[in-house]
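The values are calculated or read from the model by the stated rules, or taken from the named source; none is laboratory data. All values derive from a computational prediction rather than experimental measurement. Here the Cβ positions follow ideal geometry from the backbone for every residue, glycine too, while neighbour counts run over all protein chains shown. In case anyone asks, the SASA skips ligands and DNA or RNA and just uses the protein heavy atoms, side chains included. Shrake-Rupley method; radii C 1.70, N 1.55, O 1.52, S 1.80 Å.
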Amino acid sequence: MSRVLAIANQKGGVAKTTTAAALATAFHDRGRRVLLVDLDSQACLTFALGVDADAVDASSHDVVLGRAVADAVVVTAEGVDLVPATLELAGLDAAVVDRADRDLLLRTALAAVADDYDDVVLDCSPSLGVLTLNALAAADEVLVPLTAEMLGHRAVGQLLDTVEDVREQLNPALTVVGLLPTMVDLRTSHARQVVADLGERYGLPVLGPVPRSVRVAEAPARGRSVLATAGRSAAAQAYRDVADTLLTGR
Ligand code: ADP
Ligand code: MG
């Protein structure tokens with residue numbers, strides 16, 4: 001049975017996509033069979049792993065609507081299987097709005113490949129719309145990347161409320177595995193204090209942090225994860241440590 005990990009936060013620019021690519025690569029490097037699913041119509045993960053979204057036969061849009069995962073899988077340079085995203089995803093909410101099972105479509109699709117993968121990593125879009133609900137309904141675990149800048153906002157609390165709703169209505173087993181501070185400037189005492197306060201503030205495990213690094217920002221343009229382009233950087237090491245924490249006991 002695969003373990004499904006959703007990387008979710010309805011704020012954009014908090015390193016969801018970066019985290020999904022890095023953790024999937026780290027799991028793969030540990031010998032696990034990994035499936036990545038791009039659930040953002042902007043297809044940043046797809047492009048960041050060197051796949052041309054305009055040239056794919058099938059996408060996560062088609063998989064959510066019932067097409068077999070294998071029809072859509074592209075093997076990335078990292079060796080990780082990817083279900084790419086295309087712009088079509090932007091129309092999915094409207095396409096499924098009248099279906100009673102609209103929040104469970106991804107769960108059904110992934111159940112069919114549960115024996116083919118050890119880990120499934122879902123890169124969510126920056127919204128709490130139907131695609132993110134599908135991801136949370138399909139997931140065993142959710143990891144919440146965040147930046148120090150967003151702690152003044154209500155976004156984390158809103159996301160945790162949504163997780164609670166999903167738990168009650170769709171997926172009782174869903175667990176928040178932790179908060180992951182990203183793009184942290186560890187040289188400032190403010191950033192260190194923010195990280196230190198996080199766990200107490202939300203009563204959740206705090207993983208990482210992942211330091212801010214130009215190496216991370218450069219990786220997508222090369223179509224690879226930071227583990228491949230700068231494997232010895234502190235950010236890559238932080239992601240390997242997070243992956244190992246998540247794999248503990250598996
Ligand atoms: P999201 O998927 O949440 O919108 P991304 O993963 O696309 O966020 O990251 C937003 C931007 O921040 C991207 O340009 C990415 O390359 C950059 N970024 C992510 N993590 C880091 C980091 N640790 N250091 C520097 N830049 C980062
Ligand atoms: Mg993203």
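Taking 10 °C and 1.306 mPa s as the conditions, I'd like the Stokes-Einstein D for the chain in µm²/s, using the Kirkwood hydrodynamic radius from alpha carbon pairs.
It diffuses with D of about 89 µm²/s by this estimate.
Show log10 I(q)/I(0) for segment 1-92 at q = 0.10, 0.15 Å⁻¹, two decimals, from a solvent-free Debye sum over equal Cα scatterers.
Evaluating at q = 0.10, 0.15 Å⁻¹ gives log10 I(q)/I(0) of -0.23, -0.53.
Could you tell me the center-to-center distance, by alpha carbons, between segment 65-135 and segment 161-239 in angstrom?
Centre-to-centre distance over Cα atoms comes out at 22 Å.
What residue among Ser213, Ser41, Ser189 shows peak mean-square fluctuation when the chain is described by a Gaussian network model with Cα springs under 10 Å?
Its mean-square fluctuation being the largest, the pick is Ser189.
In deg cm²/dmol and to the nearest 500, what is the mean residue ellipticity at 222 nm of the chain if only DSSP H runs of at least 4 residues count, each as -39500 (n - 2.57), divided by the residue total?
-11000 deg cm²/dmol
So, with a 1.4 angstrom probe, what is the percent of accessible area on segment 3-244 that is carbon and sulfur?
49 percent
Can you sort Lys16, Lys11 by 1.4 Å-probe accessible area, starting with the largest? Don't jump to the answer; show the numbers that get you there.
Working: Lys16 10, Lys11 70 Å².
The residues order as Lys11, Lys16, largest area first.
Would you mind getting the accessible area per residue of the chain, heavy atoms of the protein chains only, 1.4 Å probe, in Å²?
Value for the chain: 43 Å² per residue.
Using +1 on the beta carbon of Lys and Arg, -1 on that of Asp and Glu, and nothing else charged, what's the dipole of segment 92-211 about the Cα centre, debye to 20?
Working: 8 positive and 19 negative charges, 92 e Å.
Using only the charged Cβ atoms, the result is roughly 440 debye.
If you place +1 on the Cβ of every Lys and Arg, -1 on the Cβ of every Asp and Glu, and leave all else neutral, what size is the dipole of the chain about its Cα centre, to the nearest 20 Debye?
Working: 22 positive and 33 negative charges, 191 e Å.
So the magnitude is around 920 debye.
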